[in-house]
1. I'm checking my understanding of the structure. Among residues of the stretch 180-200 that are out of contact with any Cys (no Cβ under 9 Å at 6 or more places or on another chain) and touching a residue at least 24 places away in the same chain (Cβ under 8 Å), which one is farthest from K253 (Cα to Cα)?
2. Please go through the stretch 144-154 and give me each residue that is in contact (Cβ under 8 Å) with a residue 40 or more places away in the chain and either more than 15 Å from the chain's Cα centre (by Cα) or assigned by TED's automatic domain parsing to the domain that holds A198 (or both), ordered by number.
3. Output the residues belonging to the stretch 196-239 that are buried (at least 21 other Cβ atoms within 10 Å of the Cβ) and either under 20 Å from the mean Cα position of the chain (by Cα) or not in a helix (DSSP H, G or I) (or both).
4. Which residues, counting only those in the stretch 12-52, are among the basic types (K, R) and assigned to a helix (DSSP H, G or I)?
5. Pick out the one residue from F70, F111 that is touching a Leu at 6+ places or on another chain (Cβ under 7 Å) and over 27 Å from R157 (Cα atoms).
6. Given the conditions (1) hydrophobic (A, V, I, L, M, F, W, C); (2) part of a helix (DSSP H, G or I); (3) free of Cβ contacts under 8 Å to residues at least 60 places away in the same chain; (4) surrounded by 14 or more Cβ atoms within 10 Å (Cβ to Cβ), report the number of the one that L120 does not fulfil.
7. List pairs: first in the stretch 34-48 and over 14 Å from K98 (Cβ atoms), second β-branched (V, I, T), Cβ under 9 Å, 6+ apart or cross-chain?
8. Only one of these is closer than 30 Å to L10 by Cα, in the same structural domain as T38 (by TED's automatic domain parsing), basic (K, R) and surrounded by 14 or more Cβ atoms within 10 Å (Cβ to Cβ): R157, R108, R53. Name it.
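The values are calculated or read from the model by the stated rules, or taken from the named source; none is laboratory data. Predicted model, so just to flag it, every value in this text is computed and none were measured. All Cβ positions, glycine included, derive from the backbone under ideal geometry; neighbour counts span all protein chains shown.
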Amino acid sequence: MSKNWITAKLPEFVRDVLRDFCQVSQQLEQEFQNFDRTGLIRFQFFKDILGERTNKGQLWHLKDIAHILFKHDSSARLIGQYLDWSLGYIFHECMKLKEDAYQQENYRPWFKNIQSQQSLSPEERLITQELLHVIEQTKESIAREVKRVRFIQFHCRRLFILYLPHHRDNPLLARFLFARQELVKNVFKSAYDELIQAIYAKTPENLYLLAARSLRSGGWLHEARQAISKAHEISPENKLVLQEIQLIDSSLKI
């Protein structure tokens, strides 16, 4: 990948990293809530979200795209490096969770079955008990890994609030925030308003203006009209908003 190509794609990478973080975070939290209730982690879940080197899942793609983005984005260099490290950390912790889940799902029942056999010699029974004890310890590992991923996710949300204001003019970011508002709210929770305030503090209408421009350029005229209507509610005298309304309405009449 050439440096010029990467620079041209940075707006997409910014959007993609936030989008994939939100989607991955939502899926992880659902799995972790199930763990809170049942004490179980599903191997298949982590196999799917991680994928493998030749068929990467969403979390693996997120790690790779984040590394490209934060290596080449000169804005908020330290914050970007922290985000890059944090997303990579989540990836590697989930690799551990996948392996621990595999041990719990496949080998724990196997050891339990052997332990129940009456034909075991005293030596075999002792070895079985000791090896099963190691498998049981993965439960403690899973609890620690889940706690660490949640901790890093919390700090990723804080880091995005510091990082994304450097991309307040990114129309693809604005379009994502408009189109997937409920997803972003679900992930950022009480910090959602702080996120939007940090990015568009002085000109809150710009979220919807930029989203409308991006949607119009993509041919999504009705969605663009919805976005620009929100911008007009916030700033009815804004000349750029009024111009965008005219452009969208003219296109809708064609």
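1. If we filter the stretch 180-200 for residues that are out of contact with any Cys (no Cβ under 9 Å at 6 or more places or on another chain), which is where we start, we get 181-182, 185, 189-200.
Of the ones still in play, those that are also touching a residue at least 24 places away in the same chain (Cβ under 8 Å) are 191, 194-195, 198-200.
Details: A191: 40, E194: 38, L195: 36, A198: 37, I199: 33, Y200: 31 Å.
So, considering only residues that are out of contact with any Cys (no Cβ under 9 Å at 6 or more places or on another chain) and touching a residue at least 24 places away in the same chain (Cβ under 8 Å), the one farthest from K253 (Cα to Cα) is A191.
2. Result: E145, V146, R148.
3. Across the stretch 196-239, the qualifying residue is only I199.
4. R15, R19, R37, K47
5. F111 is the lone residue from the list that is touching a Leu at 6+ places or on another chain (Cβ under 7 Å) and over 27 Å from R157 (Cα atoms).
6. Failing condition for L120: (2).
7. Hits for this filter: N34/I41; D36/V146; G39/I142.
8. Of the residues listed, the single one that is closer than 30 Å to L10 by Cα, in the same structural domain as T38 (by TED's automatic domain parsing), basic (K, R) and surrounded by 14 or more Cβ atoms within 10 Å (Cβ to Cβ) is R157.
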